Structure formats: structure tokens, C-alpha cells
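Coordinate-derived values only; no laboratory data. Bear in mind that the values here come from a model prediction, so they are computed numbers and not experimental data. Note that we place each Cβ from the backbone using ideal geometry, even for glycine, and neighbour counts take in every protein chain shown.
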Amino acid sequence: MRLEFDDEQALLQATARDFAARELEPFLARHPDEPLPRDSVLELLGMVKPFGMLSARVPGHLGGAGMDAVSLGILYEEFPPDVSLTASANDIIGLRLLDGGSPEIVDRYLPRLIEGEIMAGSSISEPDAGSDVTGITTRAERHGDSYIVDGRKVWSSHCTIADVLLAAVRLGTDDRGRAVVGRLLIDREQSGFETRDLELMGLRRHHLGEVVFDGCRVPAGNLIGEGGLASLTASWLTQRTLLGLMAVHLARKAYDASVAHAKQRRQFGKPIGAFQLVQSMIVEMATLIDTSRYLCYRALDLLDRGVEARMESSMAKYYATEAAVKVTSLAIQVHGAYGLSTEYPLEQYFRDARMLTMPDGTTEIQKLMIGREILGISAIR
């Protein structure tokens, strides 16, 4: 068992860490803690494109980066989560287009997604359908050479600035009365829909919003296959683990700040790092970060080796995101009253970490999926 990066991966890590500190963090610092303007998002896509983040999971022979999962994970650990979340949309939608998209649709949109010329968004969740994708009620009814879409989506990534949305829709029911779910690529220039950004407690530079489809007419050729749940599930296996590494990034930031503060801040004539209770918090933070990293890279390594890793990816996401909430909370405690000040980044690390426990399956959903893999019994259905 190898627990270290090889030389190429170690170089990628060093390069990405330097780029994040030199370019990405100053870029974000120049923008208020609110959804980035569209032109800034496109600029950000251009900045990370050379690292392959816009097409990491698209095969090389189709113009993508064709990156292995561990290397992609390194980028997600080193780059700020607001950056990774922004870049991931084009990558994920590009991958999903290849699963059921017509050659015409792939040729029309994939190169532009890879180049960062257009922005993609994902529109799956609904007020009453999150982890239960089969509970989707947004309808797409066939009328001649078009589908008419009606329904409401929430937590849709980039919906207010996206050029195209990949929306999960209900096409009807099968002979057993179960929902037939399909995926439609909805181009803003072709089909009108209403959007608004949702106000978030954390990750505020990222766009999450609400979409309303009211008689939205979409060309029938934009259907990316019926079913499609297997494609969604496969991409989620990687994405859950990558979310875990975004959490590791935040935890590391909070930990580094806490170590520096514990060495510099003096009370009762000595650094607070000399006190046992402060050392206890620092040790707990370091241990939570290390275990999170190993769980995440184990899952990605298994995926690279062709193992489905359903349990391991859920473990990585559940553990790493909850650990980041704990670490960032401890960091606030180490800083004392300073940790509560918005002049310090600790409270933002905490808010951002708390956000990551929700996407792509909450902590509770991850536990149910892990339980299913261990026991062979589903607690859901």
C-alpha cells in the first residue's frame, strides 16, 4: 500500500499550491463575499483551464484532460472551494453529455465547455426531491419536435449565470408506475426560464439558485437519454470525494492559522500553545485532517483502479466534511474572541465547511448508503 504521491503528483501539488496562493486567493480577495459576477466567473475559468479542471473527466481523445481521479483530487485539495465548485460544473456537465448526448449536441457544446467559453449549470434538486431523484416532479412533455418543461428547481448550480443547464426531468411513468427520469440540456438562448440566486451562509461567491420552468420549450434533440440515473450516480461517486477534499482545504487553512496563533499569542507570560488544552485542540485538528485526507485519497485511488467504491466515497464525504466543521470550530476556539471577528477568516472557514455537509447527499444520506453497503439492506427503499 502506497500512501505517498508519486513524483508527478507531488509536482502537481506544489504547483497548484503555489498558484492558489499567488493567483487564486488574491483574485477572490478582490471580490466581495457574494456571488461572483459572470465576467469574473469566466475569468476564473480561464485561470484554471491550464490545469485541466474544465474537462478533467472528459477523455483525452475528445479534447478533455482525461485526468486520473487522484490528480484531480490534489487540485480540489489545493484550490479554494469557491474556485473548485465554479470549475467543476463544466467538467461534470461535459462528462454527462457524453452519456446519451447525440453527436450533434456533443459537437455543439463540449468544445465550448472545455474552453470555458460558456458556463454550465446543474439543475436536479427540487423542494421535495433532493437525494430521492425518482421523486422529481418537473415535467417534460413531448410536443412535436420539442419538450415543454414545467416545474421548479432549487439548489441549482450557476443557474443565474449559466449558458446551459442540464436538468433532470420527469418524462412520464413506466408500466410499473415508476418515474421515467431524463436529462435535458436547456440552452438559455433557445429556451426561456426564470432564475434567482439564493442567499447562503457560506461559499457565498459560488452561485446556487432557484429555477422556474413555465412552459419552457426545449428542442427534442436536447434530450440526453432517458433513465440517466446510473450516469448521475457514477459522477457523484467522484464528486462526493472531491467535496471531501474541499473540506480538507478549509480544515488545513484553519489548522495552519491556529498553529501560528498558538505560537504567537501570549497569555500568563507564555505562548498559549504551551497550555495543555490548547495543544489538545491542535492535536485533534491535525488528526482529523490526516484521517480525512487518507479516506478521500483511498476512495479516489479505488476509482482510478476501476473499483466502484460506493462505500468508500460516501465515507470520505461524510467524514471529511463533518471533520472540517469540527476543525474550523476548534480553530475559532483556539483564537478565542479573535475567532469570532470577521476581520479574521476563521468564521468564514466555519461557514464554508458547514455548507459542504449538504451537497451531493447530506451526512445522513451518506450514512444510509454506507449502511446499505455493509448490511446489504436499504433503509430508503
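Details
- FRET E, pair Ser341, His31, Förster distance 25 Å, beta-carbon r, rounded to 0.05: 0.75
- Packing order of peptides 123-132, 171-180, highest average first: 123-132, 171-180 (average count of other Cβ atoms within 10 Å over each peptide's residues).
- Over the chain: helical MRE at 222 nm, DSSP H runs n ≥ 4 each giving -39500 (n - 2.57), nearest 500: -16000 deg cm²/dmol
- Highest-fluctuation residue, His335, His207, His31 considered, GNM on the chain with Cα pairs under 10 Å: His31
- Cα radius of gyration and Dmax for segment 1-126 (Å): 15.2, 45
- Computed packing ranks the peptides 340-348, 52-60, 260-268, 217-225 as 52-60, 217-225, 340-348, 260-268, most packed first, by mean other Cβ atoms within 10 Å.
- Mean projected area (nm²) of the alpha-carbon convex hull when segment 230-375 is viewed from all directions: 9.4
- C-alpha long axis of helix 81-97 to longest principal axis of the chain, angle in °: 30
- Whole-percent P(r), segment 120-226, all Cα pairs, 10 Å bins from 0: 16, 49, 28, 6, 1.
- Remark: relative contact order (segment 7-115) = 30 percent; criterion is Cα-Cα distance under 8 angstrom and separation of 6 or more residues.
- Counting only the Cα atoms, the chain fills a convex hull of 149 Å³ per residue.
- The chain: angle of helix 38-48 to the longest principal axis, Cα-based, in degrees nearest 10: 70
- Mean-position separation - Cα centroids, segment 161-215 and segment 304-367, in angstrom: 27
- Within straight-line cross-link reach of Lys263, lysines at Cα separation under 30 Å, skipping those fewer than 8 residues along the same chain: Lys253, Lys326
- Once the Cβ-Cβ distance of Glu115 and Lys270 is raised to the sixth power relative to R0 = 51 Å, the FRET efficiency obtained is 0.35.
- When the chain is treated as a Gaussian network with alpha carbon springs shorter than 10 Å, the biggest mean-square fluctuation among Gly371, Gly66, Gly182 belongs to Gly371.
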